[in-house]
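A short worksheet on the structure shown next.
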Amino acid sequence: MTGLLRLIFLAAILTALSACQPGGQTADVYPPAVEERVALVIGNAAYRNFTRLEGAEEDAELVADALRRQGFTLIGGGALHNLNWAQTVQYMRVFEAQMNAGGVAVFYHSGHVAQVNGENFLIPVDAEAWGPDAVDSQLVRLAGSF
């Protein structure tokens, strides 16, 4: 993502999040205590078998910081970097369990993705070349997640 596009993207996220704040409330009472806010933020850059993505980790940090300022609890304590297949699945399960408790949830992934037969997948940093029989052991399926 180029610098200008990154800036525009982050400005859009911050604008959207700030629009969630009810008018007239002070920062010490916002966000409302009754609303659970949870986020999973992943920045994968150090791919073993795919092109390294410059800026993916930094993008994830910026998004995580913006969400934290808006009262979100971040799964894993902050932006998660360079997750392998098992780690990605583990954190997504924790996120899904938190989502099922209600409230507001945000998922952000900066990294490689793929679409296979019309289905969307995240590509973990340890993914190798895959075929139709190995998709679920190399990629993380988004359909049915969350």
In nm, give the distance between the simple-model label positions of residue 87 and residue 115, each being 7 Å from the Cα along the Cα-to-Cβ direction. 2.9 nm
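Within segment 49-131, report the GluC sites (Glu not before Pro) that DSSP leaves as loop and that have at most 11 other Cβ atoms within 10 Å. Mind showing how you got there, number by number?
Numbers: sites: 54, 57, 58, 61, 96, 119, 128; in loops: 54, 128.
Passing both the DSSP loop test and the Cβ count: 54, 128.
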With a Förster distance of 25 angstrom and the Cβ-Cβ distance between residue 51 and residue 94, calculated FRET efficiency to the nearest 0.05 equals 0.30
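Which shape class, rounded, prolate or oblate, goes with segment 50-120 when its Cα gyration tensor gives a ≥ b ≥ c as root eigenvalues, a/c under 1.5 marks rounded, and past that a/b bigger than b/c marks prolate?
The shape class here is oblate.
Read the figures in this text as sums done on the coordinates, not as results from a lab. The shown structure was predicted, so the numbers you read here are calculated from the model rather than taken from an experiment. Every residue, glycine as well, gets a Cβ built from its backbone with ideal geometry; the counts of neighbours run over all protein chains shown.
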